[in-house]
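Accompanying notes for the structure given below.
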Amino acid sequence: MVVRAPTSGRLYRKPGPDRPPFVEVGSVVEPGATLCLLEVMKTFHRVAYGGDGLPARARVVAFLVDDEADVDAGDPIVQVEPA
């Protein structure tokens, strides 16, 4: 199961350069948990866990893109499994 990018932009796994990532591999997430940010035209948009076909609680298995990588809308960005 994967979480997909809702829009195109640059992905950031943490809220700032000196801050820890929102979630790590192995983290358990529930709907509404922030997974990462997408920067679009100098504006940051939060990517939250949840959606059709995803379990109510999930464990982050892998990030499928690197921090600060550009993604397109619909790209898989985070792999999860039921927790």
Item checked: Number of the condition not met by VAL2 [criteria: (1) closer than 23 Å to GLU81 by Cβ; (2) in contact with a Ser or Thr (Cβ under 9 Å, 6 or more places away or on another chain); (3) not hydroxyl-bearing (Ser, Thr, Tyr)] -> (2)
Notebook entry, point to check: Does ARG46 meet the test of being surrounded by 12 or more Cβ atoms within 10 Å (Cβ to Cβ) and touching a Pro at 6+ places or on another chain (Cβ under 9 Å)?
Noted result: no
Checklist line | Qualifying residues in region 61-83 (those that are among the charged types (D, E, K, R) and in a strand (DSSP E or B)) - the one surrounded by the most Cβ atoms within 10 Å (Cβ to Cβ) | finding: ASP70
Margin query: Among the residues in region 67-78, are any on the phi > 0 side of the Ramachandran plot and modelled with pLDDT of 95 or more?
Written below: yes
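Let's see how each residue does on (1) free of Cβ contacts under 8 Å to residues at least 12 places away in the same chain; (2) of a type in the set (D, E, K, R); (3) outside any strand (DSSP E or B):
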| site | (1), (2), (3) |
| --- | --- |
| LEU11 | no, no, no |
| GLY16 | yes, no, yes |
| PRO20 | yes, no, yes |
| VAL25 | no, no, yes |
| PRO31 | no, no, yes |
| GLU39 | no, yes, no |
| PHE44 | no, no, no |
| ASP52 | yes, yes, yes |
| ALA56 | no, no, yes |
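The values are calculated or read from the model by the stated rules, or taken from the named source; none is laboratory data. Bear in mind that the values here come from a model prediction, so they are computed numbers and not experimental data. Don't worry about glycine lacking a Cβ; one is built from the backbone with ideal geometry, like all the others, and counts go over all protein chains shown.
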